[in-house]
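First comes the structure, then the notes that go with it.
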Amino acid sequence: MLIGRFAPTPSGGLHFGSLVAALASFLSARRQGGRWLVRMEDVDQLRCEPGADALILRQLEQYALHWDGDVLYQSTRSEAYRAARDALMHAGWAYACRCSRTHIRAAATRWNREGALYPGTCRSLGLHAAKSLVKNLAVRLDTAKVQAGAIVEFMDGALGAQACDVAQDWGDFVLWRVEDLAAYHLAVVVDDAWQGVTEVVRGADLLDSTPRQILLQRALGLPTPRYTHVPLALAANGQKLSKQNLAPCLPLTSPGEDLWDALVFLGERPPQALCGASPEELLHWALSM
Ligand code: GLU
């Protein structure tokens with residue numbers, strides 16, 4: 001059974017970019033007769049806005065993007081993330097790290113577009129052996145060890161063959177944050193596997209994340225879903241639409257028009273006869289194509 005998902009961070013309501021991601025994953029799953037799940041990525045409560053989850057669900061319903069089963073909230077899953085973290089440390093694939101950002105910036109010898117790569121300072125210190133310490137420490141994946149010389153390759157459904165040397169390009173990335181929270185990559189990988197997700201369709205802004213997530217799946221012995229990254233809707237100034245740059249939350253006033261625009265953005269060509277149609281009618285058309 002094909003299982004797709006939409007996994008918004010409830011830091012605000014849906015904007016046009018997130019509607020495009022929701023629609024793309026919905027259409028792909030439904031066209032293949034699959035299930036479509038919704039997961040709220042609310043691990044970091046400080047980034048979430050009270051009520052944004054309910055607003056997103058209301059918006060999805062207005063767009064007739066009806067999901068299957070219960071919505072999974074990542075804030076209820078910390079035990080599963082903790083167990084995955086401990087299994088990785090136990091296997092020697094991950095290690096505790098006490099470095100501050102300042103230390104990392106000062107000691108780094110390599111950088112990428114997200115900043116300084118971790119220079120490996122704590123890799124062989126065995127800090128996690130003292131169990132009580134782990135409480136206040138970050139945990140990192142030993143990427144070179146997990147990768148064992150084999151670069152990560154995958155076939156993207158939209159962008160074709162991709163390859164990444166994670167150890168080289170990203171270094172030992174964080175799995176667990178000092179704030180005692182699972183980091184994004186760990187939570188996503190654990191939940192995609194737990195929910196049986198077989199297909200991930202999401203915005204191209206997450207293309208960079210995929211090799212790190214595949215490497216983590218390898219370390220945890222989890223299956224790798226199929227990945228498709230759809231083009232990103234940009235604001236008129238060329239910036240990514242996001243809450244950080246104040247992309248407007250879609251009002252609930254013209255769901256048919258918004259959905260029409262999102263379909264067109266994804267390269268669909270709804271017939272003129274459907275101009276002014278409801279979301280149900282538009283999706284009915286899109287799913288009969
Ligand atoms: N929660 C992430 C976001 O809203 C998406 C995660 C994913 O699709 O893997 O950007």
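Output yes when any residue across the range 66-75 is touching a Cys at 6+ places or on another chain (Cβ under 8 Å), part of a strand (DSSP E or B) and farther than 29 Å from residue 253 by Cβ, and no when none is.
no
Criterion first (at pLDDT 90 or above, closer than 29 Å to residue 7 by Cα, touching a strand residue (DSSP E or B) at 6+ places or on another chain (Cβ under 9 Å) and among the hydroxyl-bearing types (Ser, Thr, Tyr)) does residue 95 satisfy it?
yes
Can you run down the residue pairs with Cβ atoms below 6 Å, 6 or more apart or on separate chains, where the first is in the range 46-75 and aromatic (Phe, Trp, Tyr) and the partner is in a loop (DSSP other than H, G, I, E, B) and surrounded by 13 or more Cβ atoms within 10 Å (Cβ to Cβ)?
73/42
Which numbered condition in (1) surrounded by 21 or more Cβ atoms within 10 Å (Cβ to Cβ); (2) touching a residue at least 40 places away in the same chain (Cβ under 8 Å) is the only one that residue 38 fails?
Failing condition for residue 38: (2).
Give the range 1-58 a look and list any residue that's aromatic (Phe, Trp, Tyr) and over 20 Å from residue 156 (Cα atoms), or say none.
Keep residues of the range 1-58 that are aromatic (Phe, Trp, Tyr), which gives 6, 16, 26, 36.
Once the filter is applied, which keeps residues that are aromatic (Phe, Trp, Tyr) and over 20 Å from residue 156 (Cα atoms), the range 1-58 yields only 16.
Of the conditions (1) modelled with pLDDT of 90 or more; (2) surrounded by fewer than 18 Cβ atoms within 10 Å (Cβ to Cβ), residue 129 clears all except one; give me its number.
It fails just one condition, (1).
Can you name every one of the strands (runs of 3 or more DSSP E) wholly within the range 141-260 that holds 1 or more residues which are away from the ligand (no atom under 15 Å from the Cβ), buried (at least 16 other Cβ atoms within 10 Å of the Cβ) and modelled with pLDDT of 95 or more? Steps first, answer last, please.
Values: elements: 152-156, 160-164, 174-177, 199-203, 226-230.
Fully inside the range 141-260 and qualifying: 152-156, 160-164, 174-177.
Hey, could you check the range 1-16 for residues that are in contact (Cβ under 8 Å) with a residue 40 or more places away in the chain and over 13 Å from residue 59 (Cβ atoms) and say which is farthest from the ligand (Cβ to nearest atom)?
1
Quick check: is even one residue across the range 117-124 in contact (Cβ under 8 Å) with a residue 12 or more places away in the chain and closer than 30 Å to residue 260 by Cβ?
Within the range 117-124 (the criterion being in contact (Cβ under 8 Å) with a residue 12 or more places away in the chain and closer than 30 Å to residue 260 by Cβ), the answer is no, since none of the residues qualifies.
Would a scan of the range 57-70 turn up a residue that is of a type in the set (A, V, I, L, M) and either farther than 27 Å from residue 227 by Cα or within 12 Å of the ligand (Cβ to nearest atom) (or both)?
From the range 57-70, those of a type in the set (A, V, I, L, M) are 57, 60, 64-65; that's our starting set.
After this cut, where a residue has to be either farther than 27 Å from residue 227 by Cα or within 12 Å of the ligand (Cβ to nearest atom) (or both) as well, the list is none.
No, every residue in the range 57-70 fails to be of a type in the set (A, V, I, L, M) and either farther than 27 Å from residue 227 by Cα or within 12 Å of the ligand (Cβ to nearest atom) (or both).
Pick from the range 12-35 the residues that are part of a loop (DSSP other than H, G, I, E, B) and closer than 19 Å to residue 289 by Cβ: which of them is nearest to the chain's Cα centre (by Cα)?
34
The values are calculated or read from the model by the stated rules, or taken from the named source; none is laboratory data. Treat the numbers as computed from the prediction; the structure is a model and nothing was measured. With ideal geometry, Cβ positions are generated from the backbone for all residues, glycine too; neighbour counts draw on all protein chains shown.
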